[in-house]
Each structure stands twice: as structure tokens, then as C-alpha cells.
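The structure appears right after this line, and notes come after that.
The values are calculated or read from the model by the stated rules, or taken from the named source; none is laboratory data. Just so we're clear, the structure is a prediction, and the values are computed from it rather than from any experiment. All Cβ positions, glycine included, derive from the backbone under ideal geometry; neighbour counts span all protein chains shown. These accessible areas exclude ligands, DNA and RNA; they are computed on the full protein's heavy atoms, side chains included. Shrake-Rupley method; radii C 1.70, N 1.55, O 1.52, S 1.80 Å.
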Amino acid sequence: MNFYSDSNILNTDSFSYLDEGSRAYIYKHGDVLFKYYKGDCKYRYYISKKMFLRLKELNCTHIVKLYDLYYTSNKRFFGQIFDGYTMAYCGERVSSILNLPTSYLLEMVHELEQKTMVELSKAQIVMSDTHYGNIFFTDNDVTIIDPDSFYTPLFCNTSIVLEENRNKLWEYLLSTFIHELYDGYNYRRLCDYFDLIRHESENTLTLKLKRFFDGTTPMESIKKKNLL
């Protein structure tokens, strides 16, 4: 099937099905992914063309690289929303960040906090939709892959936006931990404990996590603190 952008025609015959969520299908060809929205996806869930182009131009560290947005028809009318977009494939997701070395987790959080959060905040962009599936840990990298709900707040300065993005990063991490521990696990204790360290005096999220995850792996720390 052909899809149309402002300057390109995308033939998806060579793309193969990779995955899907509640709002879209994901197809892959080489190192390129094509996200195609489902027919019942509500208008408010579409990333706006303006935000898409801003994120593409910014090309923020650890935010999925965006390529182009597409329509099902080359005859478009004013205000028409697009039907999908292409982005970079970021590799194979690790099976568990809780069983990887603690140093890996702290390095990834440091990268996100000191680079990605700062770059987004300077551009007055706030992350959203902090679902565990939208933060993608690979062997030596981390990528936030679903910017559809990112937004620009009204009347907020950079420091407020930065703090909100740090809160969103915290939610990404907690949702990932809960997902890995979900099977038969009462995660309320972990949430309560994390809420306590969230408000400790350290200036950065990395330092707060470093105090909590003092074992060889994050899972070892969780067990040592009797949170399982």
C-alpha cells in the first residue's frame, strides 16, 4: 500500500508486522519502523503535526528518531490528520532491567536526566504517557519510543517543565519495575517505598536511585530490603 507525505511516497509492501498497541500497528523494514494508527484511534491521541516536526528537528538524545509523517491519500484537505509516521528501529529490548547490573540502570537514568530531560525542557516540551512499554532499554542504550502525547504547557518556565519531566521519568521507571514484578506481586510496598525516596533531599533522581539500589543488581536491592 502507498502512503503519502509532503515530499515522498512510502510503499509498505516490503514492511512486515512487528507489534501493535491499543492505538496503532507497528511495521518494520530494515532499521525503519512505520507506525500506522488504527481506524478507531480518537483524534486527541494523534501526535500533532507541529509537535512531530519540532521533535524531528530537535532530535533529542534518547528520544526515538523521527523521519516522516504519512497520509493514506495524496489529496489532503485543510486540517486533515495524518495516518502514520516512520521512525528509527532502536534494537532489541532487554528482558529485564532489574536483573542487569545496577551500574547499567544508573547510567541510563543519568543519561536521561542530564541530557534528554534538559533538551526537552529547554524546548518547553513535557513527556507524557509513561507506560512501561514506551521506555525501551537495550543492551547499552535507552530510548523513549512513543512521543504521541508529548505537549507544550502554557505559562511554564523551563525549571517547572524540567521538574515535570523528571517526574515523568520517575513514572516511566516505576511502571517498568512494576511490570517486571507484576506476576503475583503486591507492588504497593514498592510504590510506597519509592514514594519516600522520591522526596529525599538529593538533587538528582540518579543519586536517589543510587542510595536505594546498593546491590549488584536492582533485584538484589529489592530483595535485601524485603520488598518482595
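Oblate is the label for region 187-228, because a/c, from the alpha-carbon gyration tensor with a ≥ b ≥ c as root eigenvalues, is 1.5 or above and a/b does not exceed b/c. When only alpha carbons of the chain are considered, Rg and Dmax amount to 19.0, 61 Å. Straight-line cross-link partners of Lys223 among the lysines, defined as a Cα under 24 Å from its Cα and at least 8 positions apart when in the same chain: Lys208, Lys210. For region 102-171, the Kirkwood hydrodynamic radius comes to 12.4 Å, computed from all pairs of different C-alpha atoms. At full extension, Ala88 and Glu57 could sit 9.7 nm farther apart than now, given 0.36 nm per residue minus the alpha carbon distance. Annotation: per residue accessible area for the chain equals 54 Å², rounded to a whole number [probe 1.4 Å, protein chains only]. Calculation over all alpha carbon pairs of region 1-125 in 5 angstrom steps from 0 returns a P(r) of 2, 9, 16, 19, 18, 16, 10, 6, 3, 1, 0 percent. Taking a straight line from the alpha carbon of Lys56, these lysines sit under 25 Å away, with near neighbours fewer than eight places off in the same chain left out: Lys28, Lys35, Lys38, Lys42, Lys65, Lys75, Lys115, Lys122, Lys168. With the highest mean first, a sort of the peptides 147-154, 110-117 on other beta-carbon atoms found within 10 angstrom per residue produces 110-117, 147-154.
Measuring nothing but protein heavy atoms, the accessible surface of region 1-156 at 1.4 Å probe radius is 51 percent carbon and sulfur.
Within the chain, the selection of entire DSSP H helices by a Cα span of 24 Å or greater along the long axis and an average Kyte-Doolittle value of at least -1.0 returns 158-181.
Comparing Tyr182, Tyr71, Tyr36 in a Gaussian network model of the chain where C-alpha atoms under 10 Å apart are linked, the largest mean-square fluctuation is found at Tyr182.
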